[in-house]
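Here the structure comes first, spelled out in structure tokens, and everything after it is commentary.
Since every read-out is calculated from the coordinates, none of them should be taken as a lab result. Source: prediction; values computed, not measured. Virtual Cβ from ideal backbone geometry, glycine too; neighbours counted across all protein chains shown.
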Amino acid sequence: MSTAPKPFIPRIDSLQVSAYTIPTDFPESDGTITWDQTTLVLVHARAANTTGLGFTYADLSTAKLIDSLLKHVVDGHDAMDTNSAWLAMLRSIRNLGRPGIASMAISAVDIALWDLKARLLHLPLFKLLGAVRAAIPVYGSGGFTSYSNQQLQRQFSDWVGSGIRMVKMKVGRDPAADPNRVRSAREAIGSAPRLFVDANGAYTRKQALQFAELFRNESDVSWFEEPVSSDDLDGLRLIRDRAPAGMEIVAGEYGYDANYFHHMLGAGAVDVLQADATRCAGITGFLQAAALCTARSLPLSAHTAPSVHMHACCAALPAVHLEYFHDHARIEHILFDGVVSPIHGELHPSSTREGLGLQFRTQDAAPYAVS
Ligand SMILES: [Mg+2]
């Protein structure tokens, strides 16, 4: 009598977390906050002598939660069963509250587990996720309110010169200065590239209505992100209904779970939904946001963290582009080998490197370590 071979189960046997704080190259600000450093929380997850990595951009307390709670929750899970590990993590934070730190902690672990699974199967992550495209367009994102007009123009000219066809600037810090700043940006890029603005919720409803007309008429702005607080779904809906044709109203970056996206879409608040896999509980949560967009025939755009989102966006059916955020693009180049730069305005994940295609640069990262 023959005995069937036992299936091999690659169990998660180690999860390590660390954090790195990197100063910005220039003080940065938007309509509502200012910052001069950014912290990346990194997870390495191991099974069957293979290690995957994932990360989020978050506070150091996120690393502490992973270390004190989540690493014990996923220990021993089958590395193939990403949904099972995800659900176990979700249940473990029930009494802590789902949004914010808890979801960012789950995000970093979930991304590491997807990277690990792809490496165990010797596949690039976008292939494992079921690629629908080989590359995803990016928009250059910076244009901080702390920049002079000259700095803003130089950054945008460099991006457009490199083949990027869409750029985004921050507005809302000093509303009186915004029309001139936006005109300078349009002057720098010429007439063809798309120009986006992001107010990070800084304007009132009435200001936002006024600026929607003005930015569209004077500077051909075609994307108005968080014109008012993204908690004001009625306000977003009002501005969406009354904004000029050709101007998309956009929000979603503070979405930590599928219910949030469901309510935002249900309110008719946005023309394009933004989602961030480093906040909304990882690749698993990002694909849920994509399914909600598909159900409403709306496009999806990924928020920041380009090295993670290029894989997710090459597999998510409704994805149209991702945010090539100056701060994160710079940090990912400092901390990882294998980081891809845009070619003709698109990110092409490597078809030969496994997982996210990234290798952590331990030596170079050491001076930035904070945990
Ligand atoms: Mg934004």
> Highest mean first, what order results for 238-249, 79-90 on Cβ atoms within 10 Å?
Replying inline: 79-90, 238-249
>> Considering the Cα positions of the stretch 239-317, please state its Rg to one decimal place and its Dmax as a whole number of Å.
In response: 12.0, 36
> How big is the Cα convex hull of the stretch 62-194 in projection, averaged over all directions, in nm²?
Replying inline: 11.8 nm²
>> Can you give me the C-alpha center-to-center distance between the stretch 258-300 and the stretch 14-37, rounded to a whole angstrom?
In response: 25 Å
> Taking 0.36 nm per intervening residue step and subtracting the Cα-Cα distance, what contour gain separates residue 13 from residue 343 on full extension?
Replying inline: 115.0 nm
> Calculated from DSSP H runs of 4 or more alone, at -39500 (n - 2.57) each and per residue, what is the 222 nm mean residue ellipticity of the chain, nearest 500?
Replying inline: -11500 deg cm²/dmol
> For the stretch 191-260, what are the per-bin percents of Cα-Cα distances with bins 10 Å wide, up to the bin holding the maximum?
Replying inline: 22, 54, 21, 3
> Could you give the Stokes-Einstein D for the stretch 298-371 in µm² per second, using the C-alpha Kirkwood radius, 10 °C, 1.306 mPa s?
Replying inline: 120 µm²/s
>> For a quick check: with amide H placed at 1.01 Å from N, whose amide H comes under 5 Å from residue 19's, ignoring anything fewer than 5 positions away on the same chain?
In response: 42, 370, 371
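Which chymotrypsin sites (Phe, Trp or Tyr not before Pro) from the stretch 306-346 combine a DSSP loop assignment with at most 13 other Cβ atoms within 10 Å?
Details: sites: 324, 325, 336; in loops: none.
Counting only loop positions with at most 13 other Cβ atoms within 10 Å, none of the chymotrypsin sites (Phe, Trp or Tyr not before Pro) in the stretch 306-346 qualifies.
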> FRET efficiency for residue 37 and residue 194, Cβ-Cβ distance as r, R0 = 30 Å, nearest 0.05?
Replying inline: 0.50
> For the pair residue 218 and residue 158, how long in nm is the line joining their label points, each one 7 Å along Cα→Cβ?
Replying inline: 2.6 nm
>> Lysine pairs in the chain with Cα distance under 30 Å, only those 8 or more apart or on different chains: how many are there?
In response: 10
>> With the alpha-carbon atoms as the only input, what is the per residue convex hull volume for the chain in Å³?
In response: 141 Å³
